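Values in this text are rule-based calculations from the coordinates and carry no lab data. This one's a predicted model, so the numbers in the text were calculated from it and none came from an experiment. Every residue, glycine as well, gets a Cβ built from its backbone with ideal geometry; the counts of neighbours run over all protein chains shown.
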Amino acid sequence: MNIPWQRHADFWSAFVPPRNVDVWLPPGYDAAGEQRYPVLYMHDGKNLFEPEQSFSGVTWGVAEALQAGITDGTLPPTIIVGIWNTDNRFGEYMPQAPITLEADSQQRFDDWAAVYQPMNYGQLCSDEYLRFLVEELKPFIDRSYTTAPDPAHTAIMGSSMGGLISIYALCEYPEVFGRAGCLSTHWPVGDGIMEPYLTQKLPTAGRHRVYYDHGTEGLDAGYAPYQARVDAIMQSAGYQ
C-alpha cells in the first residue's frame with residue numbers, strides 16, 4: 001500500500017533538542033480546498049512509517065489502518081504527525097507534575113527509579129516537551145496544512161511511556177488536545193504516581209475522549225491492576 005508522507009528533518013525547538021517530524025496526508029488531501037482536517041499527533045514517530053527505522057522492525061500500521069478506514073467511510077480523513085523521540089525518551093515522556101504534586105511524591109519516584117530505572121535516564125523535561133508541541137509544532141502544522149485546529153479535532157497518542165505523556169498532555173493542555181490515545185500505558189512508573197495527579201487534574205468529562213488498552217504479556221503483564229484503578233478514577237470524574 002502506498003503511504004505518502006513528508007519529513008521535516010531536524011525540526012528546531014527552543015525547549016528540547018531537534019528531531020525529525022513526519023507528516024502523513026490522507027488520500028485526497030486538498031491544500032487549496034475548503035475542507036479542514038483533524039490532526040493526530042503521535043509520539044515515537046520513527047515507528048510509524050519506515051520499518052527500517054522502527055524499534056521493532058515493523059511499523060505501527062496506523063497509516064494503513066487509517067487509510068483503510070477512510071476508504072470504507074468509517075474514519076474521517078485525518079493528518080498524522082509523527083514526532084520522533086530522542087535519546088532522552090524517558091525524560092521527555094515522564095510527566096513532571098505528578099512527581100511534585102504531593103509531599104512524598106519525589107521520594108516515591110526516586111525509590112522506584114533506583115530499583116526499576118537504574119540507568120541514567122537523563123533530565124526530566126516533559127513540561128518542556130509539551131511546550132514544544134503546543135507552542136512550536138502545532139502552530140507550524142496549523143500554518144502549513146489545512147487543519148481543523150480546535151480541541152475536538154486535535155488528538156495525541158502514544159504507547160507505554162508515550163501513553164503517559166499523551167494523558168499528561170490532555171490534562172495540562174485541555175484547551176489544545178481534545179482526545180488522547182494511551183496504548184499499553186506504563187502506569188507502574190513511580191509505583192502508580194500518576195493516580196493522584198489524574199484524580200486532581202483530569203479535565204471535566206463531556207468535552208474530551210480518552211482511549212486505553214493493554215496486553216497481557218511482557219511489560220503489559222503487570223498493567224491490569226493499575227489500569228483498573230485509573231478506570232475507576234476516570235469513572236469518578238464522569239467519564240463513561
Please report the relative contact order for the chain, taking Cα pairs under 8 Å with a sequence separation of at least 6, and give it as a percent rounded to a whole number. 18
Loop only by DSSP, 12 or fewer other Cβ within 10 Å of the Cβ. Give me the trypsin sites (Lys or Arg not before Pro) in region 204-233 that pass, ordered by residue number. Arg207
FRET efficiency estimate (nearest 0.05) - Cβ-Cβ, Ser236 to Tyr29, R0 30 angstrom: 0.15
FRET E, pair Ala221, Leu75, Förster distance 30 Å, beta-carbon r, rounded to 0.05: 0.45
Where Rh is the Kirkwood radius over Cα pairs, Rg/Rh for region 18-80: 1.00
Tally the DSSP beta bridges in the chain and give the antiparallel ones as a percent, rounded to 5. 30
Please compute the Kirkwood hydrodynamic radius over region 45-107, one decimal place, Å, based on all pairs of different Cα atoms. 14.5
Length-normalised contact order of region 17-69 in % [C-alpha pairs under 8 Å, at least 6 apart]: 26
Starting from the Cα of Glu128, move 7 Å in the Cα-to-Cβ direction to define the label point; list residues of region 63-95 whose amide nitrogen is under 14 Å from there. 86-94
Which residues in region 137-169 have a backbone N closer than 13 Å to a point placed 7 Å from the Cα of Glu175 along the Cα-to-Cβ line? 151
For region 58-163, with only Lys/Arg (+1) and Asp/Glu (-1) charged at the beta-carbon, what is the dipole magnitude about the Cα centre, in debye rounded to 20? 220
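Provide the packing ranking of 186-193, 143-150, i.e. peptides ordered by the mean count of other C-beta atoms within 10 Å per residue, highest first.
Taking the mean over residues of other Cβ atoms within 10 Å, the ranking is 186-193, 143-150.
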What is the extension gain from Trp5 to Glu195, computed as 0.36 nm multiplied by their sequence separation minus the C-alpha to C-alpha distance, in nm to one decimal? 64.7 nm
Ranked output for segments 216-226, 78-88 by mean other Cβ atoms within 10 Å, highest leading, reads 78-88, 216-226
Check: C-alpha center region 7-52 vs C-alpha center region 148-205, spacing in Å is 20
Dividing the helical contributions, -39500 (n - 2.57) per DSSP H run of n ≥ 4, by the residues of the chain yields a 222 nm value, nearest 500 deg cm²/dmol, of -9000 deg cm²/dmol
With an 8 Å Cα cut-off and a minimum separation of 6 or more residues, compute the relative contact order for region 75-212 in percent. 25
Dipole of the chain, positive end: most advanced residue of His43, Phe11, Ala32 [Cβ charges, Cα centre]: Ala32
Give the peptides 12-20, 49-57, 158-166 in descending order of average Cβ contacts within 10 Å, highest first. 158-166, 12-20, 49-57
Of all C-alpha pairs within region 77-197, those more than 17 angstrom apart amount in percent to 57
When all Cα-Cα pair distances of region 134-211 are considered, the percent exceeding 15 Å is 57
What Kirkwood radius, in Å to one decimal, follows from the Cα pairs of the chain? 18.5
